[in-house]
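I have placed the structure first, in the form of structure tokens, so that the comments after it can refer back to it.
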Amino acid sequence: MDMDQYLEVFIEESKEHLQACNEHLLELEKDPENISIVNEIFRSAHTLKGMSATMGYDDLASLTHQMENVLDGIRNNKINVSPSLLDIVFKAVDYLEEMIFSIADGGDGKKDVSDVVYLLKKIESGEDIKVEDTTVSVEIITDENHAPGKNTYDDFELTVIQQSKEQGFNCYEITIILREDCLLKAARVFMVFEVLEQVGEIIKSIPSVDQLEEELFQNEFAVTLVSTEMAENVKKRIMKVSEIDRVIVQEFQLDSYKNEPQEQIQAKKEVATTLVVPDEQSKLEKEENHSAKSNNKNGNHKTIRVNIERLDILMNLFEELVIDRGRLEQISRDLNHSELNETVERMSRISGDLQNIILTMRMVPVETVFNRFPRMVRQLAKDLHKKINLQIIGAETELDRTVIDEIGDPLVHLLRNALDHGIETPTVRVQNGKHEEGTVILRAYHSGNHVFIEIEDDGAGISREKIIQKAINKEIITAKSAETLTDSQVFDFIFSSGFSTAEKISDVSGRGVGLDVVKNTIESLGGSITIRSAVGKGSVFSIQLPLTLSIISVMLVEVQNEKYAIPLSSIIETAIIKKSEILHAHNQKVIDFRGKVIPLVNLKGIFEVPSSTDEDEYVSIVIVKKADKSAGLIVDSFIGQQEVVLKSLGNYLSNVFAISGATILGDGQVALIVDCNALIK
């Protein structure tokens, strides 16, 4: 049976099950006695195992089966949940994710998972797992009388080594011990590998390359090298890399690993020789299958991938249709022809449904980005020896998919910054009268025609004085000009390239890189980022992103002879009040609106609209909101609600205050769209 037709469904469902595993493992960490959570994880693992076996991905099925055995032991009260156990299961899920993404990218989903399988089997057999077992997957023996990584070679690797020896190559087992004070272990590993690849071929590394890159080892690692160089020369080359304590180079003793009849060794040699040749036939078959699948006109696919550019073209065409629809509605009202009115109304309904479908096609919940952060925060908290409670609010908030694709990395930078610099260590927090567990809130919400994403922490806050001193030292400002700067202006220096007030540089953050990239990325999306902070209380990084949807519902208003459009999503309600109800407080006009004092903003003054003397005793007001803040916009009259196409003002008018764009009305007039967020402080 051809499984290619089910591949896309398999990949998507596998990702969902792995995400469910991650979420439930985080819950289990907080409530280790809750067997119902274990049952949920077991169900996801069991389903994934069955799908993988059916699709022929044996490595996936094997690892999931081993994980399932451990979970079964937990739910039958044979195994106790511990932090070390959870670390190993999390690592197993990470491996499963890597294999699924490999399959999604056209790979075979194969991966060396022997280290995690070994640890899972130890757990299943009832052995105690130490904390170091979760970071160093294979014990490395540094005694020079023993070979590191004994009994960790498979038959294929041993056969390749034997062939190399027969062809005159030297084979070494090399143990590298880094200094205890080595800061960037992964960088040293990379430099060692670079040296070794210049003198030979690396057959194996213990731990695996992936674990070495992620620094999942202590201070030593081992590699098996095939080379023409002498052992002493290899050792000298490695010792040239800084921060290495010592190097042990030993001749590979094949006999101690393998003791098989010669005919079996010869048979495996032939298999290995065959496997070393690139499997071009297999590649060709994959390409043919892919081509056949692509050209299969009888396939019953429920989902298809559409290039985002095509959606943009579709949106642009529909925008023109909306403008023409508005024009037709205006003509229909002017002519007052019953049949024309009926036809235009029907067309409006149909185009409205079409509009909703097109807009929905481009919208994605931000939870697709947020979902990966709980695991990241958990690991960072462990690395930094801090206790963190991550709260996610508003994950269902939808955002245009082009923005979703770009916003992930900036959020990672900001979260890492909050954990490293914002939240204090438990000891410091207790000394300052705080709970030892710090709180980081990741919040998303709509406001007007924008989406706001906020990263809030209850940590140490940002010191205005430190930033000013750093800026003076860098000659960005003078001591005199610093006195006139607002907090917002001071905090903006943090986004300058190379600007950091960190007293200690860490691998997480504090190198003066990242936040400038964050700001540039957000501004390239047409958004902005601001900071609110109080020393000792915490900080809030607020990202404002535009809804790149081009069609919005607005309330049309008149200011003298000019028409303006106010997005309905920003409006609380409209009101008509007497001028005598307007009060003054702190040089600001205000009104008492339902028991709450709300400031008034006169659009005539903001947009410098020429006005005549107004004797009317009543004032029309549009109450608008931004998060928990409100304001009243003073206008001359209300025209009514309408759906309009949001058009950019172009590069020359990109910085017009409180105007986010313009639209063409049914009668051909241009109305400016008010950015309510800019008017509320």
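What does the highest-first list of 170-178, 406-414 look like by mean Cβ count within 10 Å?
Working: 170-178: 21.4, 406-414: 18.9.
The most tightly packed comes first, giving 170-178, 406-414.
Ranking 337, 584 by Cβ neighbours within 10 Å, fewest first, what do you get? Don't jump to the answer; show the numbers that get you there.
Values: 337 13, 584 8.
The order, fewest Cβ neighbours first, is 584, 337.
Check which residues have an amide H placed less than 5 Å from residue 387's amide H, if you skip close sequence neighbours.
438
From the phi angles alone, apply the Karplus equation (6.51, -1.76, 1.60; θ = phi - 60°) to the range 368-373 and give each ³J(HN,Hα) in whole Hz, x where the residue is Gly or Pro.
So the Karplus estimates, Gly and Pro as x, are 4, 8, 4, 4, 7, 7 Hz.
Kirkwood-based Rg over Rh for the range 367-546 (C-alpha set), two decimals? All intermediate terms of the calculation are to be shown ahead of the outcome.
Details: Rg = 16.2 Å, Rh = 16.9 Å.
Radius of gyration over Kirkwood radius for the range 367-546 works out to 0.96.
Along the range 235-242, what does the Karplus equation 6.51 cos²θ - 1.76 cosθ + 1.60 (θ = phi - 60°) give for ³J(HN,Hα), rounded to whole Hz, x for Gly and Pro?
The phi angles translate into 4, 4, 4, 5, 5, 6, 6, 5 Hz.
Taking 41 Å as R0, compute the FRET efficiency from the Cβ-Cβ separation of residue 156 and residue 43 and round it to 0.05.
Values: r = 36 Å, r/R0 = 0.87.
Between residue 156 and residue 43 the formula returns 0.70.
Listed highest first by mean packing, meaning other Cβ atoms within 10 Å per residue, what order do 60-67, 393-400 come in? Display every interim value, and only then the final one.
Details: 60-67: 22.9, 393-400: 17.4.
Ranked by mean Cβ neighbours within 10 Å, highest first: 60-67, 393-400.
Could you state the number of Å between the C-alpha centres of the range 647-681 and the range 438-500?
Here the two parts' Cα centres lie 29 Å apart.
Quickly rank 29-35, 182-188 as a protection proxy: mean count of other C-beta atoms within 10 Å, highest first.
On the way: 29-35: 12.7, 182-188: 15.3.
Going by the mean number of other Cβ atoms within 10 Å, highest first, we get 182-188, 29-35.
Whole-Hz ³J(HN,Hα) for each residue in the range 580-597, computed from phi via Karplus 6.51 cos²θ - 1.76 cosθ + 1.60 with θ = phi - 60°, x for glycine and proline: what do you get?
Karplus values, whole Hz, x for Gly and Pro: 5, 7, 7, 10, 10, 8, 6, 6, 9, 6, 9, 9, 8, 10, 6, x, 10, 7.
For the pair residue 219 and residue 578, how long in nm is the line joining their label points, each one 7 Å along Cα→Cβ?
8.3 nm
For residue 485, which sequence-distant residues (separation of 5 or more, or a different chain) have an amide H within less than 5 Å of its own amide H, given hydrogens modelled in the peptide plane?
none
Along Cα→Cβ, 7 Å out, is where each label goes; now give me the distance between the ones at residue 616 and residue 122 in nm to one decimal.
Output for this residue pair reads 8.0 nm.
How much FRET efficiency would the formula 1/(1 + (r/R0)^6) give for residue 228 and residue 12, where r is the Cβ-Cβ distance and R0 is 51 Å, rounded to 0.05?
On the way: r = 49 Å, r/R0 = 0.96.
Plugging the Cβ-Cβ distance into 1/(1 + (r/R0)^6) gives 0.55.
List, largest first, the extents of the alpha carbons of the range 30-121 along their principal axes, each in whole Å.
40, 23, 21
Values quoted throughout were computed directly from the atomic coordinates according to the rules given, and no laboratory measurement underlies them. Computed from a predicted structure; not experimentally measured. Note that we place each Cβ from the backbone using ideal geometry, even for glycine, and neighbour counts take in every protein chain shown.
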